[in-house]
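Chemist: The following block contains the structure, expressed as structure tokens.
The values are calculated or read from the model by the stated rules, or taken from the named source; none is laboratory data. This one's a predicted model, so the numbers in the text were calculated from it and none came from an experiment. Virtual Cβ from ideal backbone geometry, glycine too; neighbours counted across all protein chains shown.
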Amino acid sequence: MSDSAIPPAAAIRALDAPSRSVRSVYPAAFASGFEGRDKKMLGALFGLTHFGVNLTRLAPGAKSALRHAHARQDEFIYVLEGHPTLYTNAGAQRLAPGMCAGFKAGSNDAHHLVNDSDQDVLYLEIGDRTPGDEVHYPDDDLHAREVDGHWVFTHKDGTPY
């Protein structure tokens, strides 16, 4: 068992989980845009390997990710606190606590959350960990693919960052 995992029978208060030490895995040209986002990797604490569960807090002005769409990974979000704006291919939609959204793998529905309010947003994000996933970023010169559990980022023309 890794140092970061806790015994499977243990339960914790989710807000007490440690925050992810790295703010963003994006290349440096994009990573600086993620101040104000705090992720607690809840699934990893329990050694889960088939899907991830993150408790994410967005400060005012913060965003969840670059707008993106996964080729092989389903994603689901559930808003616990606050009023983020969900941006998808269809446009913008203001969310409220209790609302949820899902993004089917391969749908090409690029999405992200932006906290354009003056209060923190807290939400759960859940995604599977299908090997070989690729991610399309329609608004940015970025492409990602999962290789052996790590994200490899390139420009859209295939040149590495």
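Chemist: Could you pull out the residue among 145, 67 that is within 13 Å of the chain's Cα centre (by Cα), surrounded by 13 or more Cβ atoms within 10 Å (Cβ to Cβ) and basic (Lys, Arg)?
Modeler: After ruling out the rest, the residue left standing is 67.
Chemist: Oh, and also: Identify the single condition in (1) in a helix (DSSP H, G or I); (2) modelled with pLDDT of 90 or more; (3) not acidic (Asp, Glu) that residue 24 does not satisfy, given that it satisfies every other one.
Modeler: Tallying (1) in a helix (DSSP H, G or I); (2) modelled with pLDDT of 90 or more; (3) not acidic (Asp, Glu), residue 24 fails exactly one: (1).
Chemist: Quick one: which of 28, 11 is loosely packed, with under 13 Cβ neighbours inside 10 Å, under 21 Å from residue 152 (Cβ atoms), out of contact with any helix residue (DSSP H, G or I) (no Cβ under 9 Å at 6 or more places or on another chain) and not hydroxyl-bearing (Ser, Thr, Tyr)?
Modeler: Just one listed residue meets the conditions, 28.
Chemist: Would you point out which residue out of 60, 131, 97 is part of a loop (DSSP other than H, G, I, E, B), over 18 Å from residue 42 (Cβ atoms) and at pLDDT below 95?
Modeler: Among 60, 131, 97, only 131 is part of a loop (DSSP other than H, G, I, E, B), over 18 Å from residue 42 (Cβ atoms) and at pLDDT below 95.
Chemist: Sticking with this structure for a sec: When you look at residue 119, is it part of a strand (DSSP E or B), of a type outside the set (A, V, I, L, M, F, W, C), exposed (fewer than 15 other Cβ atoms within 10 Å of the Cβ) and on the phi < 0 side of the Ramachandran plot, yes or no?
Modeler: Taking the combined requirement at face value, the residue does not satisfy it.
Chemist: Let me ask something else about it. Residues of the range 66-94 being of a type in the set (A, V, I, L, M), within 12 Å of residue 135 (Cα to Cα) and not in a strand (DSSP E or B), which ones?
Modeler: Correct list: 66, 71.
Chemist: Which residue pairs have Cβ atoms under 6 Å apart, sit 6 or more places apart or on different chains, and have a first residue in the range 10-26 that is closer than 14 Å to residue 37 by Cα and a second that is surrounded by 16 or more Cβ atoms within 10 Å (Cβ to Cβ) and charged (D, E, K, R)?
Modeler: Close Cβ pairs satisfying both conditions: 19/38; 19/40; 20/39.
Chemist: Can you name the residue in the range 103-116 that is among the hydrophobic types (A, V, I, L, M, F, W, C) and in a loop (DSSP other than H, G, I, E, B) and, of all such residues, is nearest to residue 59 (Cα to Cα)?
Modeler: Result: 110.
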